[in-house]
1. I need the full set of residues from the stretch 36-77 which are of a type in the set (S, T, Y) and touching an Asp or Glu at 6+ places or on another chain (Cβ under 8 Å), in order please.
2. Going by the structure shown, is R3 touching a Lys or Arg at 6+ places or on another chain (Cβ under 6 Å) and surrounded by 10 or more Cβ atoms within 10 Å (Cβ to Cβ)?
3. Within the stretch 23-30, identify whether any single residue is of a type in the set (F, W, Y) and either touching a Lys or Arg at 6+ places or on another chain (Cβ under 7 Å) or not assigned by TED's automatic domain parsing to the domain that holds K86 (or both), and answer yes or no.
4. Does the stretch 66-89 contain any residue that is under 25 Å from L11 (Cα atoms), of a type outside the set (G, A, S) and in a loop (DSSP other than H, G, I, E, B)?
5. Of the residues A38, A60, only one is touching a strand residue (DSSP E or B) at 6+ places or on another chain (Cβ under 7 Å), surrounded by 13 or more Cβ atoms within 10 Å (Cβ to Cβ), at pLDDT 95 or above and small (G, A, S); which?
6. Only one of G51, G85 is free of Cβ contacts under 8 Å to residues at least 60 places away in the same chain, in contact with a strand residue (DSSP E or B) (Cβ under 8 Å, 6 or more places away or on another chain) and on the phi > 0 side of the Ramachandran plot. Can you tell me which?
7. Provide a single number: the residues in the stretch 22-65 that are assigned to a strand (DSSP E or B), of a type outside the set (D, E, K, R) and over 14 Å from the mean Cα position of the chain (by Cα).
8. Name, by its number, the condition in (1) under 27 Å from K75 (Cβ atoms); (2) assigned by TED's automatic domain parsing to the domain that holds P84 that does not hold for A38.
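The values are calculated or read from the model by the stated rules, or taken from the named source; none is laboratory data. Predicted model, so just to flag it, every value in this text is computed and none were measured. Because the Cβ atoms are built from the backbone with ideal geometry, glycine has one as well, and the counts that use them run over all protein chains shown.
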Amino acid sequence: MNRKELVEAILKSKELNHLTKKDADQFINTMLETVKKAVKKGDDVSLVGFGTFTKIRRSARTGVNPSTGEKIKIKAKTLPKFRPGKAWKEMF
């Protein structure tokens, strides 16, 4: 499902069928931007039944170039992480 299909699915729901396409798209955009900003700032975003977005720090490490076998240094970096919630995991 891509963004356009997600907007269409939202518009088909009984609870939100009063929204326009523009409103639904703006809602998705605002929600995603809010989650990104909060996680970047260091806050966790927990959506009960769905999951939690967090920020993790990966330390520097040594890796191996698979084509040459040469050892390389991989820099430390900060990344976003998503952990699905219990209810979502149980669906599968």
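1. Filtering the stretch 36-77 for residues of a type in the set (S, T, Y) gives 46, 52, 54, 59, 62, 67-68.
Correct list: T52, T54.
2. Numbers: touching a Lys or Arg at 6+ places or on another chain (Cβ under 6 Å): no; surrounded by 10 or more Cβ atoms within 10 Å (Cβ to Cβ): yes.
It is false that R3 is touching a Lys or Arg at 6+ places or on another chain (Cβ under 6 Å) and surrounded by 10 or more Cβ atoms within 10 Å (Cβ to Cβ).
3. Within the stretch 23-30, the subset of a type in the set (F, W, Y) is 27.
Retained after the next criterion (residues that are either touching a Lys or Arg at 6+ places or on another chain (Cβ under 7 Å) or not assigned by TED's automatic domain parsing to the domain that holds K86 (or both)): 27.
Checked the stretch 23-30: at least one residue is of a type in the set (F, W, Y) and either touching a Lys or Arg at 6+ places or on another chain (Cβ under 7 Å) or not assigned by TED's automatic domain parsing to the domain that holds K86 (or both).
4. No: the stretch 66-89 contains no residue that is under 25 Å from L11 (Cα atoms), of a type outside the set (G, A, S) and in a loop (DSSP other than H, G, I, E, B).
5. Values: A60 fails: surrounded by 13 or more Cβ atoms within 10 Å (Cβ to Cβ).
Of A38, A60, the one residue that is touching a strand residue (DSSP E or B) at 6+ places or on another chain (Cβ under 7 Å), surrounded by 13 or more Cβ atoms within 10 Å (Cβ to Cβ), at pLDDT 95 or above and small (G, A, S) is A38.
6. On the way: G85 fails: on the phi > 0 side of the Ramachandran plot.
On inspection, the qualifying residue turns out to be G51.
7. Residues of the stretch 22-65 assigned to a strand (DSSP E or B): 45-47, 51-58, 61-64.
Now drop any that are not of a type outside the set (D, E, K, R), which leaves 45-47, 51-54, 56, 62-64.
Filter again for over 14 Å from the mean Cα position of the chain (by Cα), leaving 62-64.
The total comes to 3.
8. It fails just one condition, (2).
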